[in-house]
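Here's the structure we're looking at; comments come further down.
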Amino acid sequence: MAKEAVLIFKTGKLEKKVGNSWHELKVKDVVTNNSTVRTKAKSMAIFELPGIAKIKLRANSVLVLQNLEKGNVFIELKDGGIFSKVVKQAPNSFKIKASSVVAGVRGTDFFTSYGQGADVWLCVNEGKVAIESLKTKKDIEVKAGEGVIMPDGAKLTKPKPFAWTKNLNWNMDPEKGEVKDETNLNSAYKDLLDQDYD
Amino acid sequence: MIKRIFFAYLLGGVYAIYANHMPPSFSGQTEFNATVRAFYLHKRFDHNVTYSQSTIDNEQPSETGSNRSEKHLRIGTYYRAFKYLKLGAFYDLQNSMLHQNDWIRSNGNYFWQDTSKRFEHVFIADVTPRYQLSFLPGRNWVLELKNRFLYNTYNQQSTYRVRPGLMYVFMSGLDPILTVFTRVELYIPINYGSSTIYESWYYLGFLYNINSVIQIGLNFAKKYVNWGASDNFKFWHPTEDYNLTNDATTLGLMIIFRLQNI
């Protein structure tokens, strides 16, 4: 399969970095290895890696597509959040890095995002994801319906269901309905200002 | 000569009656407080009920001669008007409270009267802005400035209480496990008292989350109370005045129950 990703859907503004400047992409444009793309506010985009996966970027996301070769896909999320729907394939042949966390997947459907500050979130819709913390060198497995968070560079929490993940829009097919996801990750956090003590 | 001796004796007797007409000040006592509080969070409202009891070494001389046990039963609610602002309204039923006008004279003796059978009704309005200081290391710092306006129907006294406070919440993942706080509380009398600050408290406290519903806490406080001359004293001694400060250390135990239906 070609080492490329094809833009199959977008709303708003999607740009690719060329040198020190940003160029807007349109549907059917192709990006190759070592491409950096970003969505602006109120925008989203869906890329297809033929035979490998579809990835959906939320608004204000920055993604580095370091390697798009089948069997060795490596993507780095620099900001924002992405949904990944991966065709079943060899273990760890599709990896996403966010901060100091690397998620290695087989066939699965999962969501990776930055939350408040430098927090990294990951939750799984289908299948399983193996996550490695580059800081602690520990691996954990996250199953469908579960999520983890790495708060601000600290260690990963234990996988468990989070109520807020039920609001995520996993749909990547515009013909099946709305594809935009605007879930507010702040709802995942305890509101410390709402705690009364006396 | 005999008349002089008799007159001196009479004056001595009069002096003996009035020697203790001002209350003595005291310092260094320890008081204990236990509080049980329940919150029910529903949308923007945080309804709550509190029962609190404090054991206080009674101010002497007292009518009863024994310790005083102050009790509060408070109900009310907070409303989250804005992200950074809560408004509250409460009714507080109080028992065994002591006010500066409880220093009275009876049968020639001065003492703090027995208030154990007296119930007082206090209405409270609360305005509390809070702000999370996310820019500080650790992120979970919360600054609070509690403002309370109290009206006591028993003696028509109005008080403004202001309490700046800083807390830090230790988290395990996203779940709070321990809150540490420090506060300063000042009671400013609006229509009574002879000092700008009637009472002040300096707190350090801890609240531990047993789970998402139950918290237990411990707090230490230093309390100062400024007593001015009581009305009864001024009636009998119109040309005299007194102002004294009592202080005590308070050890408080608290348990909080949190329920929610959002």
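The values are calculated or read from the model by the stated rules, or taken from the named source; none is laboratory data. These numbers come from a predicted model, not from an experiment. Cβ placement follows ideal geometry from the backbone for every residue including glycine, while neighbour counts extend to all protein chains displayed. Heads up: the accessible areas ignore ligands, DNA and RNA and are worked out on the full protein's heavy atoms, side chains in. Shrake-Rupley method; radii C 1.70, N 1.55, O 1.52, S 1.80 Å.
Side notes on the structure shown:
- Measuring between alpha carbons in the structure, the pairs from A:K10/A:K85; A:K40/A:K88; A:K88/A:K176; A:K10/A:K95; A:K166/B:K86; A:K26/A:K54 lying more than 19 angstrom apart are A:K40/A:K88; A:K88/A:K176; A:K10/A:K95; A:K166/B:K86.
- Heavy-atom accessible area per residue - chain B, 1.4 Å, Å²: 53 Å²
- Taking amide H positions as modeled 1.01 Å from N, with prolines and chain starts lacking one, no residue 5 or more places away or on another chain lies under 5 Å from B:S230.
- Taking the accessible area of the stretch B:133-262, probe 1.4 Å, and keeping the other protein chains in place, the carbon and sulfur fraction comes to 64%.
- Projecting the Cα atoms of A:A5, A:N125, A:I149 onto the dipole axis of chain A, where Lys and Arg carry +1 and Asp and Glu carry -1 at the beta carbon, places A:A5 farthest toward the positive end.
- Sulfur and carbon atoms: percent of accessible area, the stretch A:65-198 [1.4 Å]: 46 percent
- Chains B and A together bury roughly 2200 Å² of accessible surface, counting both sides and using a 1.4 Å probe on protein heavy atoms.
- Here's how it looks for A:G107: its modeled amide H is under 5 Å from those of A:Q89, which are all 5 or more places away or on a different chain.
- Solvent accessible area, Å² - B:M254, 1.4 Å probe, full protein context: 20 Å²
- Gyration tensor verdict on the stretch A:23-175 (Cα atoms; rounded if a/c is under 1.5, prolate if a/b is larger than b/c, oblate otherwise): rounded
- Net charge over other residues, Cβ less than 15 angstrom from the Cβ of A:V129 (K, R count +1; D, E count -1): +4
- Cross-link partners for B:K223 among the aspartates and glutamates, with Cα-Cα distance under 13 Å and sequence neighbours closer than 8 places in the same chain left out: B:E31, B:E185, B:E199, B:D247.
- A straight line joining the Cα centroids of the stretch A:34-81 and the stretch B:59-98 runs 58 Å.
- Dipole magnitude of the stretch B:116-249 about its Cα centre (Cβ charges: Lys, Arg +1; Asp, Glu -1), debye to nearest 20: 260 debye
- Residues along the stretch B:151-180 losing 10 Å² or more of accessible surface when the other protein chains are present rather than the chain by itself (probe 1.4 Å): B:R163, B:M167, B:V169, B:M171, B:G173, B:L174, B:D175, B:P176, B:T179
- Amide H within-cut-off set for B:H21, under 5 Å, with H built and near neighbours excluded: none
- Over 26 Å between alpha carbons, listed pairs A:K78/A:K158; A:K56/A:K138; A:K97/A:K160: A:K56/A:K138
- For B:K234, neighbours were defined as the other residues whose beta-carbon sits under 13 Å from its Cβ, and their charges (Lys and Arg +1, Asp and Glu -1) total -2.
- Ranked by solvent-accessible area (1.4 Å probe, protein heavy atoms only, all chains present), the residues B:T50, B:T245 order from largest to smallest as B:T245, B:T50.
- Exposure of B:Y224 as accessible area (Å², to 10), given a probe of 1.4 Å and all protein chains: 80 Å²
- Accessible area of B:S52 in the full protein assembly, 1.4 Å probe (Å², nearest 10): 20 Å²
- Ranking A:S21, B:S62 by solvent-accessible area of protein heavy atoms (1.4 Å probe, all protein chains present), from largest to smallest, gives A:S21, B:S62.
- Net charge over other residues, Cβ less than 12 angstrom from the Cβ of A:V27 (K, R count +1; D, E count -1): 0
- Heavy-atom SASA rank of B:K222, A:K17, B:K117 (probe 1.4 Å, accessible area, largest first): B:K117, A:K17, B:K222
- Partner shielding of A:185-195 amounts to 6, given as the average count of beta-carbon atoms from other chains within 10 Å of each residue beta-carbon.
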